[in-house]
Amino acid sequence: MVFFLVLLFLLPQPVHTSWVEIQNCLQYLRPAVYRDGDLVLSGFFPLYYMNQDADLSRISFLLQPKTENYQYVLAFYFAIEEINKDSHLLPNLTLGFHVYNAFSSDQFTLWSTLLWLSGKMQTLPNYNCQTQSKSAAIIAGTMSAFSAEIGTLLEYLLLFHLYSHYFSGFSVTYGPFDPMLSDKDQFPSLYQMAPKDSSLAHAMVSLLLHFGWTWVALFLSDDLKGEQFLRDLKAEMVKNGICVALTEKLPVTKIMYGTGDITFMSRIRVSSANVHILHGEAGSLVTVDMAADFFLTTGKVWIMAAKQEIVLHEMNHMLHSFHGGFSFSPHKGEIPGFRHFLQTVTPSRYPEDFYFTKLWLHLFHCSPAGSLCGQIYNCPPNASFEFVSGVIDMMTLTDSSYFIYNAVYAVAHVLHNMLVQKTEMGSLEDQLKLHPWQVNLLQNQYDIHNAVNFPAGLGLLVKVGEFVPRSPLGQGLVISEEMIEWPIGFTETPRSVCSQSCRPGFRKIPQEGRPVCCFACVFCPEGHISNQTDAERCVQCPAHEHPNSERTHCIPKVVTFLAYEDPLGMTLACTALCFSAFTAAVLGVFVKHRDTPIVKANNRALSYILLISLTFCFLCSLPFIGRPSTATCILQETTFGLVFTVAVSTVLAKTVTVILAFKVTAPGRRMRQWLVSGAPNFIIPSCSLIQLTLCAVWLGTSPPFVDTDTHSDHGCIIITCNMGSVTAFYCALGYLGSLALGTFTVAFLARNLPDTFNEAKVLTFSMLVFCSVWLTFLPVYHSTKGKVMVAVEVFSILASSAGLLGCIFVPKCYVVLLRPHRSSLCGSREKIHCGSNKPS
């Protein structure tokens, strides 16, 4: 027949082989393989493609042989041989076989089915319908479309009783599970060996999460199965934050393609996703296979739920798209004895199988004795599938071969029960569910293989892991990363993300109008951190901690206060001690020169009180320095308020003294009794008593206490004194301010009173300095934080006290110590007037 001659022409020819012998051998071949038995199992296997434009009346041209698929037939033979040897299964009966090619196109889907039904080359069954055939069951289908056509045809056979009494009336498919075929209303006599892919989407998402792939392109068959898988996969992806970069539907019905049909492959090159998921029927995968001839797409990781023989076929290319990808397949055990069978089987064992002879001619350029064509050239002694070189791997058990082996046993068990126990057809499904051969398939466990291409073009699938469902996401996945071979262009685990990961210290913000996997990274705000990659939000540090500069973790805050050890604290403390010592020295000078007129003027006792109070004013700044405690917090504000009240009230008393002294010396005044009675001296205790009362109420209601400030400085915990009652604090401070303002007003009004030692001017200037310091203090104090704020208050205490000391007493000390002649009453008058009083 023509197509076999064309096949032989396309394959390497044996040396010294007679073309006449081969032609004579092949011209009588039929398009099916048959071996008789008491019961015959019919098998439909994809062994070659056909041209879509071929004449339906004959087989005219072979498009491409599917050499690796012949392992399906061998698994079929092996299972039948084992059953025939089993004395307990179908005893006293032998199984025969009828092998047909399963075409992968709409036009030829029913071709082999009609041949099976008619037994002839005619294409219409009513010409020669073999109703007395021994065919007991059908095993078929790598493609759902083919299985569906078989199932539909069987329903018509059962309806019109066009079957033999041996025929069980059902077929078993070995292809991938298809939910459409599980509809028992539409296909009551069709059963699927492959387990339902209920966990496949879960398994793939687990793999994506394991490697951190969140940006994925999808290539799925354009059918109901592809739509169902797309829904399941997207649901899992959405739950786990994985986004779809591209979705492409693959046609499932065409077999011949032009470049216009596969231009979608060009979009893979520019796709930002480095990971592609491929899922579909054999027909749709051929689309990708043929597209690789036009568009080489290296540098992409393919994750496939594909039959491994399809993957290996595409890997025949030296450079191919699937290298470094992953293939998910249902977990399968080993078939005992099958490997030895493959090592030893030859065409002589099945002389009626012309496919086997053709394959042997192709691989070894010979035909052994006892085969269909007889001996054509001597075969080498090591002629075995185990030693086949090149791109064909016949020793690795494929998924379909495993399912075919189990399908044969499933059919045998059902037939055994039907014949022995006279089982009714209605309970056939129950029989299929009870047999032990199906137990391992129902586990729905997946093996994960890595597609590896060797330099000679030999493609292998190396098992690198497995997935067991019904485990928490991620825990059911086991991967040996050291065994993985990555695609060309990657030296380490590839990345497939829409946006680069946000480093610790940053958080993600979504980009409007784009998937959730596409985001921007922003630095965590002050006081917050993120210690993981791609953080959704930043976490605020506890009050006693603050972020490091990278905002990746919280570190303890430094406890701080205005300490004596600090340069600032030490400077202020030394300044306070120096000023207090200087004030004490001034007091000593005044005590030593107490009888001089300049000291005696304006009430000498008031000068002593003012100097003592100024000494304490300088010393009251010391409790502000050092680690705060409850005692120092109470002393800070109370002593400050009291001693400054005494000092300011003393200045007021001195001012009043000046005014009264002027009034006494003026003619006709009756103020002498006020001055003699010491009325100005009552100002100090009266004013101080009011401040003392305010402080007592303050301490009695809400006294100051030690507090911590964790917000002013993000890197420090500032130990401060809390005022307790803010109202009481401002009342005491307001009273002191009012007293100072009143003193300044009185002194200002008395500044021009005539007298030799009139202090009104210096008192006015001293109070101007005092009020200026504290008016400046208020805004500066509230604009600073931490120990700087404390330092500002200390500085204001020292500056205002120094202002009073310097303005009032420094000029007098200058006169007393350096110009003593000016300290006498005479020295201050006119020389002529003074000289007239001298004795002669």
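Overview of values
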| quantity | calculated |
| --- | --- |
| Net charge of neighbours whose Cβ lies under 14 Å from the Cβ of His546, counting Lys and Arg as +1 and Asp and Glu as -1 | -3 |
| Of Lys184/Lys332; Lys332/Lys463; Lys234/Lys463, pairs whose Cα-Cα distance is over 19 Å | Lys184/Lys332; Lys234/Lys463 |
| Accessible area in the full protein assembly, largest first, 1.4 Å probe, for Met418, Met180 | Met180, Met418 |
| The range 530-650: relative contact order as a whole-number percent, Cα under 8 Å and 6+ apart | 23 |
| Local electrostatic count at Cys574 - Lys and Arg +1, Asp and Glu -1, tallied over other residues with Cβ under 15 Å | -2 |
| Using θ = phi - 60° and Karplus 6.51 cos²θ - 1.76 cosθ + 1.60, couplings along the range 346-355 (whole Hz; Gly, Pro as x) | 9, x, 4, 6, 10, x, 7, 8, 6, 4 |
| For Ser621, net neighbour charge (Lys/Arg +1, Asp/Glu -1) across residues whose Cβ lies under 13 Å away | -2 |
| His553 long-range amide H proximity, modeled H, under 5 Å | Asn548 |
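The values are calculated or read from the model by the stated rules, or taken from the named source; none is laboratory data. Fair warning: this is a prediction, and the values are worked out from it, not measured in the lab. A quick note on method: Cβ atoms are made from the backbone with ideal geometry, for glycine too, and the neighbour counts reach across all protein chains shown. Heads up: the accessible areas ignore ligands, DNA and RNA and are worked out on the full protein's heavy atoms, side chains in. Shrake-Rupley method; radii C 1.70, N 1.55, O 1.52, S 1.80 Å.
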